[in-house]
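Asker: Below is a structure I'd like to ask you about.
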Amino acid sequence: MPLLEARNVVMRFGGVTAVAGVSFDVEAGQICGLIGPNGAGKTTLFNVVSGIYRPSGGEVRFAGQTITRMPRHRMATLGIGRTFQNLALFRSMTVRGNVIAGAHSGGRSGFLANALSLPSARAEGAAAAERTGELLSLLSLAPLADMRVADLPFGVQKRVEMARALACRPKLLLLDEPAGGLNHAEVDELAELLEQVRAGFDVTILLVEHHMGLVMRVSDKVVALNFGRKIADGPPDEVRASPEVLRAYLGDGQCAEAVHAA
Amino acid sequence: MEGVCGKPPIRPNPADASQPARGAAIRLRRYLPPVASLAAILAPLWLLEGFHLFQLTVAVIMALAVLGLNIVTGYSGQISLGHGAFFAIGAYVTAALMSHAGWSFWATLPPSAALCGIVGYGVGLPALRLGGLYLALVTFSLAVAVPQLLKHRSLEAWTGGVQGLFLSKPEPPPWLPLDPDQHMYLLAVLVAGCCFWLTSNLVCSRIGLALMAIRDHPVAAEASGMDIAALKTRAFAVSAMITGVAGALSAVTIEYVAPDSFGLPLSITLFVGMVVGGVASVLGPVFGGLFVLFVPSIAESISRATPGVVYGVILIVFLVGMPDGIAGLIRRAAQRIGWSAEDRTT
């Protein structure tokens, strides 16, 4: 059974159909790239999968369970972590604070237990702190742990967001344009990081990405959208060669070399 | 949680053990702040008398009320201009139970806190839909409404209407060599101390982090598994409880409750105390409480005709000079001299 299944997802905003019946699967352990030209509906589909939007039709299943009508805060508990296109960090907090906050779903203790600092609450706090310590050193954030995130450069903030998403022990990681705003060297680092994360955390990754080089390099599978419909689905090489994809990106003229160059 | 609350762990380095001087410095660093604070808290018992000790007791109570407000507005980011209402409810529950039903002060604390918690939870529900300025207006109207409700004829049997209620301070136990004023100060410090301890635990825990996360970025907070509705309403309830307990303490300290002492000015005073002391800080409310109690009388001693103007000027000087409050200034000073900051920030 695939870990993530999208079935006939439809998303309409008023009269505009942004996603018109898209289905795809992501198998456990895969890195799946979601691509498409601007306005293809990638981000909308991504937001349906991550629970930000309730779809107008169809459903998304995670490990066999329908998640499309679930309260949003339950997604992290199920094991779905995400990052955001334009950084969504807790700006007043330190790097460490952000990552510990990301581990929130791993705890159960409430107001009373924490106010009284009961052993159960303290144990949860210690576990979250330990997990955070590991993530910080893995993502080379340890020296910056006590800096306020707002004072850090963009590329570092993106890593903090990744660490925060990993703190909830996700089975599925949803990355919204992880390469957006990064320079060449940083994109290379990101590609290595993704490989490292998949190997080290036993996690499945779905990413929406504009950066073709990155998608083709790291993905096991690519889903291409155009005008709210799926136009290709398969291994990167196959999708790259698909005439539909070429047409979507480059118009009707066949300029395969240009795509390869990208 | 180690490190989250601005308490970098001070670990004696094995190499330091051979250097007695450094070891002593580390011990000094660790024990001096708590010992000094304890001394500063207890010294007034013997140094101050009568009215001055009474004033300081009221300042402690204001600090506690500001602490309550700081949970909801500072940590959870929901603006409340109506915390005077919770202060009033706490004061009246205690006053009514003591003067009508003859309860002891300690016995009135749980019902007083509970009622404030329930009302706070109720106010927290509309707060989920109303953000920022709209919430400020809703809580503002609460502050306006409560004194009028307290005067209302249907409640007069319990509240004493416009006249209010008289009550008396709890007597010090015979084995304690303290007069009633000293006893009251100790009592206020004890209750406030407990609340400060509980709050500082809370704000440093996953719950406190979650409140700040929701304040900073609700969408990301939800994606991290935080149940915004539950956390925000409970924060409101806890905040109202603490401010209500402060109200209960004020009723027995002043030995009198009247509807007009809990009007809008009180809510604004608490807000000023929070901002001057330091938003989203546990230490800040202590300074906020001292500020709102003593600065108005300092202003009056400077200019008898226009104390409001002087107060305003002092306030502006504080806000410009210490944009993150008195607690923020202390935190930065502590960082500069390399001591672990006493206050907690994340």
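The values are calculated or read from the model by the stated rules, or taken from the named source; none is laboratory data. Bear in mind that the values here come from a model prediction, so they are computed numbers and not experimental data. FYI the Cβ positions are ideal-geometry reconstructions off the backbone, even for glycines, and counts take in every protein chain you see. All accessible areas refer to the heavy atoms of the entire protein, side chains included, with ligands and DNA or RNA removed. Shrake-Rupley method; radii C 1.70, N 1.55, O 1.52, S 1.80 Å.
Asker: Within region A:128-139, can you find the residues that are out of contact with any Asp or Glu (no Cβ under 7 Å at 6 or more places or on another chain), small (Gly, Ala, Ser) and either under 15 Å from residue A:104 (Cα atoms) or facing another protein chain (nearest Cβ under 10 Å) (or both)? Steps first, please.
Answerer: First, the residues of region A:128-139 that are out of contact with any Asp or Glu (no Cβ under 7 Å at 6 or more places or on another chain): A:128, A:130-139.
Adding the requirement that they be small (Gly, Ala, Ser) leaves A:128, A:133, A:137.
Result: A:128, A:133.
Asker: Would you pick out the residues in region A:140-180 that are under 16 Å from residue A:191 (Cα atoms) and part of a loop (DSSP other than H, G, I, E, B)?
Answerer: Correct list: A:140, A:177, A:178, A:179, A:180.
Asker: All but one of (1) touching a residue at least 12 places away in the same chain (Cβ under 8 Å); (2) touching a helix residue (DSSP H, G or I) at 6+ places or on another chain (Cβ under 6 Å); (3) of a type outside the set (Val, Ile, Thr) hold for residue A:142; state the number of the condition that does not hold.
Answerer: Going through (1) touching a residue at least 12 places away in the same chain (Cβ under 8 Å); (2) touching a helix residue (DSSP H, G or I) at 6+ places or on another chain (Cβ under 6 Å); (3) of a type outside the set (Val, Ile, Thr) one by one, residue A:142 breaks only (1).
Asker: Could you run through region A:145-169 and say how many residues are over 26 Å from residue A:77 (Cα atoms) and within 13 Å of another protein chain (Cβ to nearest Cβ)?
Answerer: 4
Asker: What is the residue count in region A:181-212 for residues that are assigned to a loop (DSSP other than H, G, I, E, B) and over 13 Å from residue A:33 (Cβ atoms)? First the steps, then the outcome.
Answerer: In the first step, residues of region A:181-212 are kept if they are assigned to a loop (DSSP other than H, G, I, E, B); the result is A:181-183, A:202-203, A:209-211.
Filter once more, so that each one left must be over 13 Å from residue A:33 (Cβ atoms): A:181-183, A:202-203.
Total satisfying the criteria: 5.
Asker: Also, quick follow-up: Give the number of residues within region A:123-139 that are touching a Lys or Arg at 6+ places or on another chain (Cβ under 9 Å) and not charged (D, E, K, R).
Answerer: Residues of region A:123-139 that are touching a Lys or Arg at 6+ places or on another chain (Cβ under 9 Å), as a first pass: A:124-125, A:128-129, A:131-133, A:135-136, A:139.
With not charged (D, E, K, R) added as a condition, the list becomes A:125, A:128-129, A:132-133, A:135-136, A:139.
Going through region A:123-139 one residue at a time, the tally reaches 8.
Asker: I'm trying to understand the selection: among the residues of region B:45-65, which are assigned to a helix (DSSP H, G or I), touching a residue at least 12 places away in the same chain (Cβ under 8 Å) and open to solvent by 10 Å² or more (accessible area, probe 1.4 Å)? Give the derivation first.
Answerer: As a first pass, look at region B:45-65 and keep what is assigned to a helix (DSSP H, G or I): B:45-47, B:50-65.
Of the ones still in play, those that are also touching a residue at least 12 places away in the same chain (Cβ under 8 Å) are B:45, B:50, B:53-65.
Passing the criteria: B:50, B:54, B:55, B:56, B:58, B:60, B:62.
Asker: With respect to residue A:6, determine if the residue is open to solvent by less than 10 Å² (accessible area, probe 1.4 Å) and either more than 14 Å from chain B (Cβ to nearest Cβ) or part of a loop (DSSP other than H, G, I, E, B) (or both). Show your work before the answer.
Answerer: On the way: open to solvent by less than 10 Å² (accessible area, probe 1.4 Å): yes; either more than 14 Å from chain B (Cβ to nearest Cβ) or part of a loop (DSSP other than H, G, I, E, B) (or both): yes.
So residue A:6 passes the test.
Asker: Follow-up. From (1) open to solvent by 20 Å² or more (accessible area, probe 1.4 Å); (2) under 17 Å from the mean Cα position of the chain (by Cα), pick out the condition that doesn't hold for residue A:37.
Answerer: Against the list (1) open to solvent by 20 Å² or more (accessible area, probe 1.4 Å); (2) under 17 Å from the mean Cα position of the chain (by Cα), residue A:37 comes up short only on (2).
Asker: While we're looking at this one, here's another question. Pick from B:82, B:68, B:77: which is open to solvent by 30 Å² or more (accessible area, probe 1.4 Å) and modelled with pLDDT of 90 or more?
Answerer: Working: B:82 fails: open to solvent by 30 Å² or more (accessible area, probe 1.4 Å); B:68 fails: open to solvent by 30 Å² or more (accessible area, probe 1.4 Å).
Result: B:77 is the single residue among B:82, B:68, B:77 that is open to solvent by 30 Å² or more (accessible area, probe 1.4 Å) and modelled with pLDDT of 90 or more.
Asker: Let me ask something else about it. Against the definition (over 30 Å from residue A:123 (Cβ atoms) and out of contact with any His (no Cβ under 7 Å at 6 or more places or on another chain)), how does residue B:178 come out, yes or no? I'd like the intermediate steps shown before the answer.
Answerer: Details: over 30 Å from residue A:123 (Cβ atoms): yes; out of contact with any His (no Cβ under 7 Å at 6 or more places or on another chain): yes.
So residue B:178 passes the test.
Asker: A further question on this structure: Failed condition for residue B:286, given (1) in contact (Cβ under 8 Å) with a residue 24 or more places away in the chain; (2) more than 13 Å from the chain's Cα centre (by Cα); (3) farther than 24 Å from residue B:137 by Cα, with all others met?
Answerer: (2)
Asker: If you scan region B:277-313, which residues turn out to be part of a helix (DSSP H, G or I), closer than 27 Å to residue B:192 by Cα, open to solvent by less than 60 Å² (accessible area, probe 1.4 Å) and of a type outside the set (Gly, Ala, Ser)?
Answerer: Within region B:277-313, B:285, B:286, B:287, B:291, B:292, B:293, B:294, B:295, B:296, B:311 meet the criteria.
Asker: Return yes when residue A:125 is more than 21 Å from the chain's Cα centre (by Cα) and either within 11 Å of chain B (Cβ to nearest Cβ) or closer than 21 Å to residue B:233 by Cα (or both) and no when it is not. Before the answer, list the steps.
Answerer: Numbers: more than 21 Å from the chain's Cα centre (by Cα): yes; either within 11 Å of chain B (Cβ to nearest Cβ) or closer than 21 Å to residue B:233 by Cα (or both): yes.
Here the answer is yes, as residue A:125 does meet what is asked.
Asker: Which pairs turn up if I take residues in region B:131-142 that are at negative phi and look for partners that are assigned to a helix (DSSP H, G or I) with beta carbon separation below 7 Å, at least 6 apart in sequence or on another chain?
Answerer: What qualifies is B:135/B:127; B:138/B:126; B:139/B:123; B:142/B:85; B:142/B:123.
Asker: Continuing with this model, one more query. I'm checking my understanding of the structure. Among residues of region A:111-122 that are hydrophobic (A, V, I, L, M, F, W, C) and not in a helix (DSSP H, G or I), which one is nearest to the other protein chains (Cβ to nearest Cβ)?
Answerer: To start, the set of residues in region A:111-122 that are hydrophobic (A, V, I, L, M, F, W, C) comprises A:111-113, A:115-116, A:118, A:121.
From the residues that got through so far, the ones that are not in a helix (DSSP H, G or I) too are A:116, A:118.
Details: A:116: 7, A:118: 10 Å.
If we take residues in region A:111-122 being hydrophobic (A, V, I, L, M, F, W, C) and not in a helix (DSSP H, G or I), then A:116 is nearest to the other protein chains (Cβ to nearest Cβ).
Asker: Applying the selection to region B:215-234, what residues are open to solvent by less than 30 Å² (accessible area, probe 1.4 Å) and over 22 Å from residue B:119 (Cα atoms)?
Answerer: B:220, B:221, B:223, B:224, B:225, B:226
Asker: Continuing with this model, one more query. Which pairs turn up if I take residues in region A:201-213 that are farther than 11 Å from residue A:171 by Cβ and look for partners that are open to solvent by 40 Å² or more (accessible area, probe 1.4 Å) and modelled with pLDDT under 90 with beta carbon separation below 6 Å, at least 6 apart in sequence or on another chain?
Answerer: Going by the 6 Å Cβ cut-off, the qualifying pairs are A:212/A:262.
Asker: Continuing with the same structure: Taking region B:180-202 on its own, how many of its residues are open to solvent by less than 10 Å² (accessible area, probe 1.4 Å) and β-branched (Val, Ile, Thr)?
Answerer: 1
Asker: Quick test of your reading of the structure: residue A:108 fulfils all but one of (1) surrounded by 17 or more Cβ atoms within 10 Å (Cβ to Cβ); (2) more than 8 Å from chain B (Cβ to nearest Cβ); (3) within 24 Å of residue A:201 (Cβ to Cβ); (4) of a type outside the set (Val, Ile, Thr). Name the failing condition by number.
Answerer: Condition (1) is where residue A:108 drops out.
Asker: On the basis of being loosely packed, with under 15 Cβ neighbours inside 10 Å and modelled with pLDDT of 90 or more, does residue A:44 make the cut? Steps first, please.
Answerer: Values: loosely packed, with under 15 Cβ neighbours inside 10 Å: no; modelled with pLDDT of 90 or more: yes.
Judged against the criteria, residue A:44 is not a match.
Asker: Something else now. I'd like the full set of residues that are modelled with pLDDT under 95, within 7 Å of chain A (Cβ to nearest Cβ) and out of contact with any Phe, Trp or Tyr (no Cβ under 8 Å at 6 or more places or on another chain), limited to region B:207-222.
Answerer: The one that is modelled with pLDDT under 95, within 7 Å of chain A (Cβ to nearest Cβ) and out of contact with any Phe, Trp or Tyr (no Cβ under 8 Å at 6 or more places or on another chain): B:222.
Asker: Which residues, taken from region A:51-97, are in contact (Cβ under 8 Å) with a residue 12 or more places away in the chain, open to solvent by 40 Å² or more (accessible area, probe 1.4 Å) and of a type in the set (Ser, Thr, Tyr)?
Answerer: A:53, A:56, A:77
Asker: Examine region A:201-211 for a residue that is over 22 Å from residue A:107 (Cβ atoms), among the β-branched types (Val, Ile, Thr) and out of contact with any Lys or Arg (no Cβ under 8 Å at 6 or more places or on another chain), and state whether such a residue exists.
Answerer: Filtering region A:201-211 down to residues over 22 Å from residue A:107 (Cβ atoms) leaves A:204-211.
Imposing the further condition that a residue be among the β-branched types (Val, Ile, Thr) reduces the set to A:204-205, A:208.
Subset that is out of contact with any Lys or Arg (no Cβ under 8 Å at 6 or more places or on another chain): none.
Looking through region A:201-211, none of the residues is over 22 Å from residue A:107 (Cβ atoms), among the β-branched types (Val, Ile, Thr) and out of contact with any Lys or Arg (no Cβ under 8 Å at 6 or more places or on another chain).
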